[in-house]
Ligand code: PMP
C-alpha cells in the first residue's frame with residue numbers, strides 16, 4: 001500500500017507569482033496557504049475575486065488531477081449554482097499547465113476560484129445547518145452522477161472503506177483496549193458489508209466531505225464544498241457514510257449529526273432500503289479505517305502534523321459512542337430521518353431543553369406550550385400522538401385531526417394530488433367544485449356559495465367583510481370571551497384573546513348562555529330566551545353609538561365559554577333580533593362543525609337555525625390548511641362585485657383533495673353516529689366520576705365536545721383553576737391529552753378525534769379517576 005507522503009512542493013513565492021501570471025493571467029496580491037500535499041497560493045485580483053493556484057505534488061497522478069478539473073467543469077455545466085470551485089483555464093485554454101521547479105522536478109499547475117468564507121472546522125454546526133449540509137452533499141451527488149472519468153474508477157484511496165482487508169495488519173498499532181472492537185468492525189465489514197456494496201448504485205462521488213472541506217460564509221451560512229482530491233467512482237452511499245463519520249466530533253453530537261444530515265440528504269436523494277441497511281456498518285468502517293490511517297501515519301512520520309487526528313476525526317470516542325447508542329438505536333435514527341415510521345423505539349435526537357432554548361430564540365420569548373413538561377411530538381396515528389421517546393399519548397384534545405391523525409385516506413389524497421397538480425382557483429378544476437358542492441349539501445342546500453381561504457381566521461375575516469358589504473353597517477356582536485381568530489377585524493370580536501381587556505368601539509358582547517355559572521341558571525324557565533334578551537341591550541348600545549350591527553358571530557359549541565350545551569331558543573332568538581336590526585348571522589363552525597357535536601354535520605343544526613354565513617377551518621383538511629366561507633349566492637355575489645376577492649392558496653387542488661377526503665372518511669366510517677354514541681358514553685363515564693369527586697361541578701357538552709368544570713366548592717361554585725391545570729398535567733403524565741378552557745380556566749376541555757372508541761374512553765376515564773384521586 002502506498003501512503004502519500006506529505007511532501008508538498010515549495011517553490012519561492014516570486015516563482016509562483018511568475019507561473020500564475022504567465023500561465024493563468026493571474027496578478028494581484030499572493031498569499032501562501034497550507035496544504036498537506038500541494039503548494040497552494042491565493043491570488044486576490046483587483047476586482048476582488050480570489051483564485052487559488054495549485055502546484056501539484058510530483059507524486060500526484062496526472063489522471064487524478066484531470067479528473068478533478070473535468071468534474072468541476074461538468075458540475076458547472078449541470079448545476080451552475082452549486083457552490084464548488086470553478087476552474088480557471090490557462091492562457092492556452094487548457095485546464096492545466098506544466099512547470100518545473102528549480103530542482104528540476106516537474107509539476108502540474110491549475111487554478112480554481114477560491115470560495116471566500118471560513119472553514120467550518122471545529123465550529124459547532126446548528127441542526128438546520130447540518131440538514132443543509134446533508135442536502136448540499138446530495139445535490140453534489142446528483143450533479144456528479146452523469147460524470148465519467150477513467151481515473152476515478154482506477155484509483156485506490158487510503159480512506160476508502162473498500163480497502164478494509166489491507167488494514168488488518170495495522171490493528172496492532174492501536175492501543176490494546178481498542179483492538180478487539182476495531183478488529184470486529186473490520187471483519188464484519190470484510191465478510192458481510194463489502195460483498196453487498198457491488199449491488200448498490202454507484203457513480204463518481206466527492207467522497208471526502210468533512211468540516212475542513214466545508215466553507216461557511218461570515219454569517220455562518222453554507223458557502224461551499226471544496227477539495228475534490230479524493231473523488232472516486234463507488235457506491236453513492238459511501239459519500240454520505242464517510243461524511244457522517246467525519247462530522248461525528250464531538251461524539252456527544254452523534255445523534256444530532258445522524259438525524260439532521262441524513263434528513264437533509266434524504267430530502268434531495270432518498271436512500272434505498274439496502275443503503276439504509278448498510279449505513280451503520282459503513283460509518284463504523286470509515287471510523288475504523290481513519291483510526292488506522294492515522295495510527296500508521298504516525299509511525300511513519302511521527303513529527304508531521306496529522307490534521308485528521310488533530311481534528312478528532314475518526315476517533316475512538318465516536319466508535320464507542322455508536323456502540324453505546326447500539327445498532328438498533330442508530331437504525332431508528334436513520335429511519336426516523338428518512339421519514340420511516342418508528343413505532344416503539346426511542347429517537348434520542350434533540351433534548352427538550354435544547355429545543356426550548358431554540359424556541360425562545362426563534363419563536364419569541366413566551367414559549368406558549370401545552371403542559372409543564374412539554375411533549376415533543378414526532379408522529380400521529382388515529383387517536384394517538386407519539387413522542388420522541390416512543391410513548392403514545394391518547395389524544396383527547398386536538399379537534400383538527402377530526403378523522404384521526406394521519407388518516408391514510410387523507411394523506412394519500414394529499415400526496416396523490418400534490419404529485420398531479422397544485423394550482424389556484426383562477427383555473428378550471430373539478431376538486432374545488434366538488435368540494436363546494438359537498439359542503440353546500442351538508443347545509444341541506446340552504447347555503448351553497450363558497451369563498452376559499454386557508455384558515456379559520458381568514459374565513460371569519462372574509463365573512464366580516466361580506467357582512468359589512470351586504471349590510472352597509474359597521475357594528476359587531478360577539479359572545480363574551482369568544483374566539484374567532486387573529487386578523488385585526490376578527491381579533492376585535494375575540495375578547496378571549498385580549499390580554500388588555502379593552503373592547504373596540506364598534507363591538508358589543510353578548511352574555512354567554514351559561515346555565516351553570518351565568519345569571520340565569522337551570523331553575524330559570526326557558527333560560528335560552530332569557531339570555532337572548534341580552535342581544536336587545538347590545539344592539540341598543542350599538543345604536544346609542546350611532547352603529548348598526550353588520551354581523552353576529554356565534555360558535556355553536558360555545559367552546560371558549562366552557563363548552564356550553566345548546567340552550568333551546570337561544571341562538572334562534574338572538575338571530576331573530578340581529579336580523580331585525582339589519583345584521584347577518586355568522587356561524588363560526590371552525591370548532592363545532594364536521595360532526596364534532598355528533599348527529600349533525602354543522603353545529604348550528606343543533607340550534608334549529610340557518611345562518612347567513614358559515615365559516616369552516618381547523619378540521620376541514622384534518623391538519624392540512626383549509627378555510628371556507630359558505631353563504632347564499634346573492635350575498636357572495638354582492639361582495640365580489642365590490643371587491644376582487646382572490647386567495648392564492650385558498651381552494652388549491654391539494655387543499656380541496658384533503659377536504660374531500662375528510663368528507664369521505666366522515667361518511668364512510670359513519671363518524672357522526674360514532675361521535676354521538678361515543679360522546680354519550682364518554683359523558684356518562686365522566687358523570688360517574690362526578691358522583692365520586694366533589695371537585696367536579698358539572699360535566700357537559702354534546703357529541704365529542706365535552707367539558708368538565710372544576711370547582712372548589714359545589715355551593716359557591718368557586719372556580720378551581722389551579723387544580724384544573726394540575727389535573728391536565730397529571731392526565732398528561734398518565735398518557736392522556738386534554739386542555740383547559742373558560743374565562744376562569746377551570747374547565748377541562750375534551751375534543752378527541754371522532755374515531756374515538758369505547759376502549760379509548762375507558763382509558764381516558766381511568767386516567768381521570770387516577771389523576772383526580774391524586775390531586
Ligand atoms: N374560530 C374558532 C371558533 C376557533 O376556535 C379558531 C381557532 N382556535 C378560529 C376561528 C381561528 O382559526 P385559525 O387558527 O385556523 O385561524
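From the list 487, 471, the lone residue that is touching a strand residue (DSSP E or B) at 6+ places or on another chain (Cβ under 8 Å) and surrounded by fewer than 22 Cβ atoms within 10 Å (Cβ to Cβ) is 471. When each of 539, 519 is tested for being in a helix (DSSP H, G or I) and either within 16 Å of the ligand (Cβ to nearest atom) or more than 21 Å from residue 486 (Cα to Cα) (or both), the lone residue that passes is 539.
In this structure, is residue 564 within 42 Å of the chain's Cα centre (by Cα) and closer than 24 Å to residue 717 by Cα? In short, yes.
A quick yes/no check of all residues on (1) at pLDDT 95 or above; (2) farther than 18 Å from residue 516 by Cα; (3) in contact with a helix residue (DSSP H, G or I) (Cβ under 6 Å, 6 or more places away or on another chain); (4) outside any helix (DSSP H, G or I):
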{"residue": "678", "(1), (2), (3), (4)": "yes, yes, no, no"}
{"residue": "709", "(1), (2), (3), (4)": "yes, no, no, yes"}
{"residue": "724", "(1), (2), (3), (4)": "yes, no, no, no"}
{"residue": "732", "(1), (2), (3), (4)": "yes, yes, no, no"}
{"residue": "753", "(1), (2), (3), (4)": "yes, yes, no, yes"}
{"residue": "760", "(1), (2), (3), (4)": "yes, yes, no, no"}
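Please find, within the stretch 25-43, the residue that is surrounded by the most Cβ atoms within 10 Å (Cβ to Cβ) out of those that are out of contact with any helix residue (DSSP H, G or I) (no Cβ under 8 Å at 6 or more places or on another chain), part of a loop (DSSP other than H, G, I, E, B) and in contact (Cβ under 8 Å) with a residue 24 or more places away in the chain.
Residue satisfying both the conditions and the ranking: 38.
For residue 294, which of the numbered conditions (1) at pLDDT below 95; (2) part of a loop (DSSP other than H, G, I, E, B); (3) touching a helix residue (DSSP H, G or I) at 6+ places or on another chain (Cβ under 7 Å); (4) closer than 30 Å to residue 110 by Cα fails to hold? All conditions pass for residue 294, except number (2). Within the stretch 727-748, the residues that satisfy the criterion of being crowded, with 17+ Cβ neighbours inside 10 Å and farther than 18 Å from residue 377 by Cβ are 727, 730, 740, 741, 742, 743, 744, 746, 747, 748. Contact map, the stretch 609-632: first residue over 15 Å from residue 442 (Cβ atoms) and more than 9 Å from the ligand (Cβ to nearest atom), second residue at pLDDT 95 or above and assigned to a strand (DSSP E or B), Cβ cut-off under 6 Å, separation 6 or more or different chains; pairs are 612/584; 612/585. When the stretch 479-509 is filtered for residues that are within 13 Å of the ligand (Cβ to nearest atom) and assigned to a loop (DSSP other than H, G, I, E, B), the ones remaining, listed by number, are 481, 482, 483, 484, 485, 486, 487, 493, 494. For the stretch 44-71, the set of residues classified as under 17 Å from residue 155 (Cβ atoms), touching a residue at least 60 places away in the same chain (Cβ under 8 Å) and within 44 Å of the chain's Cα centre (by Cα) consists of 64, 66, 67, 68, 70, 71, listed by residue number.
Residues of the stretch 277-287 that are modelled with pLDDT of 95 or more and either buried (at least 22 other Cβ atoms within 10 Å of the Cβ) or under 28 Å from the mean Cα position of the chain (by Cα) (or both): 278, 279, 280, 282, 283, 284, 285, 286, 287. In the set 680, 691, 657, 721, only one residue is exposed (fewer than 14 other Cβ atoms within 10 Å of the Cβ) and either out of contact with any strand residue (DSSP E or B) (no Cβ under 6 Å at 6 or more places or on another chain) or touching a residue at least 40 places away in the same chain (Cβ under 8 Å) (or both); that residue is 691. Exactly one residue out of 365, 418 is surrounded by fewer than 20 Cβ atoms within 10 Å (Cβ to Cβ) and part of a helix (DSSP H, G or I), and it is 418.
Scanning the stretch 680-698 for residues that are closer than 23 Å to residue 593 by Cβ and not in a helix (DSSP H, G or I) returns no hits. Total residues in the stretch 97-124 satisfying the condition of being within 15 Å of residue 40 (Cβ to Cβ) and free of Cβ contacts under 8 Å to residues at least 60 places away in the same chain: the figure is 2. For residue 513, the requirement of being touching a residue at least 40 places away in the same chain (Cβ under 8 Å) and either assigned to a loop (DSSP other than H, G, I, E, B) or under 39 Å from the mean Cα position of the chain (by Cα) (or both) is met. Any residue in the stretch 735-750 that's without any contact (Cβ under 8 Å) to a residue 40 or more places away in the chain: show its pairings with residues that are buried (at least 24 other Cβ atoms within 10 Å of the Cβ) and in a loop (DSSP other than H, G, I, E, B) at Cβ separation under 8 Å, as long as the two are six or more apart or on different chains. Short answer, once both residue conditions are applied: 740/746. Out of the residues in the stretch 582-608 meeting the condition of being at positive phi and surrounded by fewer than 24 Cβ atoms within 10 Å (Cβ to Cβ), tell me which one is nearest to the ligand (Cβ to nearest atom). For the stretch 582-608, the residue satisfying everything is 598. The set of residues in the stretch 74-94 being out of contact with any helix residue (DSSP H, G or I) (no Cβ under 9 Å at 6 or more places or on another chain) and buried (at least 16 other Cβ atoms within 10 Å of the Cβ) consists of 76 alone. Please indicate, with yes or no, whether at least one residue in the stretch 372-389 is surrounded by 12 or more Cβ atoms within 10 Å (Cβ to Cβ), closer than 30 Å to residue 669 by Cβ and more than 19 Å from the chain's Cα centre (by Cα). Yes, the stretch 372-389 contains a residue that is surrounded by 12 or more Cβ atoms within 10 Å (Cβ to Cβ), closer than 30 Å to residue 669 by Cβ and more than 19 Å from the chain's Cα centre (by Cα). Among the residues that make up the stretch 446-457, is at least one of them more than 16 Å from the ligand (Cβ to nearest atom), at positive phi and at pLDDT 95 or above? Taking every residue of the stretch 446-457 in turn, none turns out to be more than 16 Å from the ligand (Cβ to nearest atom), at positive phi and at pLDDT 95 or above.
The values are calculated or read from the model by the stated rules, or taken from the named source; none is laboratory data. The model shown is predicted, which means the values in this text are computed figures rather than measured ones. In this analysis, Cβ positions are derived from the backbone assuming ideal geometry, glycine residues included, and neighbour counts consider all displayed protein chains.
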